[in-house]
Amino acid sequence: MKQGLKENWAQFSLLVLINGFVGGMVGMERTILPDIAESEFNIAANSSILSFIIVFGVTKALTNYFTGILSDKYGRKALLIAGWLVAIPIPFILMFANHWYAIVFANVLLGINQGLAWSSTVVMKIDLVGQKNRGLAMGLNESAGYLAVGIAAFVTGYVASEYGLRPYPFYIGIVFTALGLILSLFFVKDTSQMVKIESSQTRSKPHENIFWETTWKNKNLGSITQAGMVNNLNDGMVWGILPLLLASHGFNLIQIGKLVAIYPLVWGLGQLFMGKLADHLNKKKMLYWGMLAQGLALIFLAFTSDFVHIALLLVVLGLGTAAVYPTFLAAISDFVNPAQRAQSIGIFRLWRDLGYAIGAVITGIIADILNIETSIMLIAIITIMSSLIIRIRME
């Protein structure tokens, strides 16, 4: 078995496709779930509406952590398959739920699905390509996932505007689940053996306490981890608050669907070249400028109600996120021993995806007490502070 993108292009391409289906599962909720909360369940408080993001973020974060540990024990493929098995009930619950608690439970399952399936594809791709093309590998992986988020967000918004909020927009989830499970069961090959070979050839020493080193103690790993958490903190805010903000400006569901789709689409497409740049440029600078661009875009977003201006700011936000997302994972892989890679990535993704929950809680409470614009400003300031931590602390 030999590492390399050229040597493993067939398996790599298959995993890119599967991760597109994983991302599509999140995208089908992105445009219409806040509207369902208000129109069908009469939930008015922002903090209550965002409860589905909170449980999604916490569940996904914890699943990421255990996926990192269990993937070495049971193999990457087994966890990928488990992720798709968990996903089977999700679209049916979203279609037929008669209480908001059922929607929240569907997002618990979605968090488990994302933690198992997305984490597995990330680790398997890094196993396949080796050190030379890690940035490109992560760019392709995250691009497929977030392009699918954007496309599914647009499609479900369009279908909802034409045929109603339920059940038709969620049919796409049944297709994603069926294809993802079939391909994972019959065509994906496990990559655990490649890690053993790479570990025997590396000079990198294992960290004594990989959890605390990745969380904060190590200057490089800790800087990356805090930025990952803040990145998803502002993404959680955009996911839950943006549709409500746009509705408050008087935009209809089709306009909201278009605007909501811009950010993940630019994020997804941008990673195709940002990931490759991460193999050649200074990773610290890419992380700093990417986080700074996100913070500045969010500040201006709080002060405009013009469709074109919002669209341009969401492009900047997407580009900033594209610059950091594949770079996070490539940089984490650079700073750990291959034998600890899956576990370190799992720890990073634990904190990163807790950002969803933290962002939803903060923005929901501030939006209820003050207003949506103030909650966006607060998240923007936190994002800019995160960029400064990278600038000052990371070597």
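Since every read-out is calculated from the coordinates, none of them should be taken as a lab result. Remember, it's a predicted structure, so these values are computed and weren't measured experimentally. Ideal geometry is used to build each Cβ from the backbone, glycine not excepted, and the neighbour counts take in all protein chains shown.
With contacts taken as Cα pairs under 8 Å at a separation of at least 6 residues, segment 62-214 carries a relative contact order of 32 percent.
Charge dipole (Cα centre; +1 on Lys/Arg Cβ, -1 on Asp/Glu Cβ; no other charges) of the chain amounts to roughly 1420 debye. Annotation: extensible slack from residue 369 through residue 92 equals 96.3 nm (criterion: 0.36 nm per residue apart, minus Cα-Cα distance). Annotation note: chymotrypsin sites (Phe, Trp or Tyr not before Pro) in segment 302-395 located in DSSP loop regions with a Cβ neighbour count of at most 15 within 10 Å are 303.
A straight chain from residue 280 to residue 303 at 0.36 nm per residue would run longer than the Cα-Cα distance by 4.6 nm.
Semi-axis lengths, largest first, of the ellipsoid equivalent to segment 282-337 are 29, 9, 7 Å, with √(5λ) applied to each eigenvalue of the Cα gyration tensor. Based on every Cα atom in the chain, Rg and the maximum pairwise Cα distance Dmax equal 19.6, 60 Å. Taking the square roots of 5 times each eigenvalue of the Cα gyration tensor of segment 281-395, largest first, gives ellipsoid semi-axes of 28, 17, 12 Å.
Taking label points 7 Å from Cα along the Cα-to-Cβ direction, residue 166 and residue 62 give a separation of 2.5 nm.
Rg of the Cα atoms in segment 156-293, relative to 2.2 N^0.38 Å, amounts to 1.46.
The residues packed around residue 358, meaning those with a beta-carbon under 15 Å from its beta-carbon, carry a net charge of +1 if Lys and Arg are +1 and Asp and Glu are -1. In a solvent-free Debye calculation with one equal scatterer on each Cα, what is log10 I(q)/I(0) for segment 326-376 at q = 0.13, 0.25, 0.32 Å⁻¹, listed in the order of the q values? Scattering profile of segment 326-376, log10 relative to I(0): -0.47, -0.84, -1.10. Per-residue ellipticity at 222 nm from helix content only, as computed over the chain with -39500 (n - 2.57) for each DSSP H run of at least four residues, stands at -28000 deg cm²/dmol. Along the charge dipole of segment 1-131, Cβ charges K/R +1 and D/E -1, which of 95, 64, 50 sits furthest on the positive end? Among 95, 64, 50, the one farthest towards the positive end of the dipole of segment 1-131 is 64. The mean sequence separation of alpha-carbon pairs under 8 Å and at least six residues apart, normalised by the residue count of segment 273-395, gives a relative contact order of 42 percent. Based on C-alpha pairs under 8 angstrom that are at least 6 apart in sequence, the chain has a relative contact order of 28 percent.
Mind giving me the FRET efficiency for residue 197 and residue 248? R0 is 41 Å, r the Cβ-Cβ distance, nearest 0.05 is fine. For residue 197 and residue 248, the calculated efficiency is 0.15.
Maximal additional length on extending the residue 395-residue 381 stretch stands at 2.7 nm, based on 0.36 nm per residue less the C-alpha distance.
Taking Cα centre as origin and charging only the Cβ of basic (Lys, Arg, +1) and acidic (Asp, Glu, -1) residues, the dipole magnitude of segment 193-285 rounds to 320 debye. Charge tally for residue 206 (other residues, Cβ to Cβ under 11 Å; Lys, Arg +1; Asp, Glu -1): 0.
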